[in-house]
Amino acid sequence: MTADTVGAEKIEALPQTTFQIIPVKGLPFVAVWLVGLVVAIAANKLWALDFFHVVGGAGWTVIDLFLGFILGPIMGRLSLSSRIDFVTKLMPKMILLVPTLVISTLVAGLQLARREHYLLSSYSYHGWVVASIIVVGVMTIIAIGLLEPANLAVLFELKKPKPNGEIVAKLMRRFIYTAAITGAMQVATLVIMTRLAT
Amino acid sequence: MNGQSLPTERRFPPIAEVAVVSMAFVIAGGVYLGAYFPRPAPLAPVVSLLIAAGVLLVINIVAVSRLKPFAWEVFFRVAGWALLAYIVITGLIAYIFVLDHARGTMLVVLILMLVGFAVNVPLLLAFSVARYQPVDNVPVDNVPVDNGSFNVVDNVTGEK
């Protein structure tokens, strides 16, 4: 294995890795969850909307916090080859899981807010509701604009016969930093949501 | 170098950056409407944001279409699947708006924003992946260098 150093990162010649970028076996679970979400919205029942909003939101928040503050720093200290091994096992699952949780949280939350009249400007916590929309908007820009492209590009790079170590290292750094930012934004979400629920 | 892959990083036009700005305009419009919904909001600010986002999206599509050589097979593969996913996602959001009686100009603006989002994200994801992929059947010696559009720089040594 050859090695060179760019900045503080040791760049190694990487072996090709075998893995599925999109875990096909997970697609039926996503489909079932989305059908359930549509039924909940169409039925417009409080319990069903609460279920999809709370379960989706809890999963999304916990994953972002755990990835941003626990796994991210650990990944940053691993060797590049260990990081790659970890990423190729974790990230394909995240590609299915996170968008499903996000859409569940947002769509059920929007319908819940509409049903319970939280969107009305006469609602006493309307400012907090708008703040939550802003936080979600910023998180969406960071997650879709920076984190997800880096995640996908890393996985495609690792599928090559000879992955480029510098590209992988650069994109993984971006992934770790943006995961930390979305983790921090999730703290703001927790503050807002607990305030709304009080 | 065998012509099967470019072990180098090209310099591209700021397609990813423009896509993020365009997406930010759409989301800012969404936040603005969300602050008023379900009451009708003054539409001038959000239409301005929508037009700005649309112009940036068109500029980006033109910029991407002019990339030569480029890993088009990978680009369209990623863009296709991402488009499918984001049609489902934006379709669900549109369903909520229709269900909640958004009508007329407001609904048109919301749908256009969702369409912009559903096109922008796949373009961003596909470009972000394809930019690092090998360009099929193009020997590296034939890739234009220092022509104003991109450079070929060795990743490790930094040499052109």
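The values are calculated or read from the model by the stated rules, or taken from the named source; none is laboratory data. Everything quoted here is computed from the prediction, not taken from an experiment. Cβ placement follows ideal geometry from the backbone for every residue including glycine, while neighbour counts extend to all protein chains displayed. Surface areas here come from the heavy atoms of the whole protein model, side chains and all, with no ligands, DNA or RNA. Shrake-Rupley method; radii C 1.70, N 1.55, O 1.52, S 1.80 Å.
So here's what we get for this one:
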quantity: Some residue of the stretch A:172-188 being facing another protein chain (nearest Cβ under 9 Å) and without any contact (Cβ under 8 Å) to a residue 60 or more places away in the chain; calculated: no
quantity: Residue, nearest to residue B:118 (Cα to Cα), within the stretch B:1-48, restricted to residues that are open to solvent by 30 Å² or more (accessible area, probe 1.4 Å), at pLDDT below 90 and of a type in the set (Phe, Trp, Tyr); calculated: B:32
quantity: Single condition residue A:132 does not satisfy, out of (1) closer than 24 Å to residue A:50 by Cβ; (2) open to solvent by 40 Å² or more (accessible area, probe 1.4 Å); (3) assigned to a helix (DSSP H, G or I); (4) of a type in the set (Gly, Ala, Ser); calculated: (2)
quantity: Scope the stretch B:36-76; condition free of Cβ contacts under 8 Å to residues at least 40 places away in the same chain and assigned to a helix (DSSP H, G or I); matching residues; calculated: B:36, B:44, B:45, B:48, B:49, B:51, B:52, B:55, B:56, B:58, B:62, B:65
quantity: Filter pass, residue A:92 being at pLDDT 85 or above and of a type outside the set (A, V, I, L, M); calculated: yes
quantity: Residues within the stretch B:49-72 that are open to solvent by 70 Å² or more (accessible area, probe 1.4 Å) and within 12 Å of chain A (Cβ to nearest Cβ), tallied; calculated: 0
quantity: Residue count, the stretch B:117-136 (criterion: more than 9 Å from chain A (Cβ to nearest Cβ) and modelled with pLDDT under 90); calculated: 2
quantity: Pairs, first assigned to a helix (DSSP H, G or I) in the stretch A:89-101, second among the polar types (S, T, N, Q) and open to solvent by less than 30 Å² (accessible area, probe 1.4 Å), C-beta under 9 Å, six or more apart; calculated: A:91/A:151; A:94/A:151; A:95/A:151
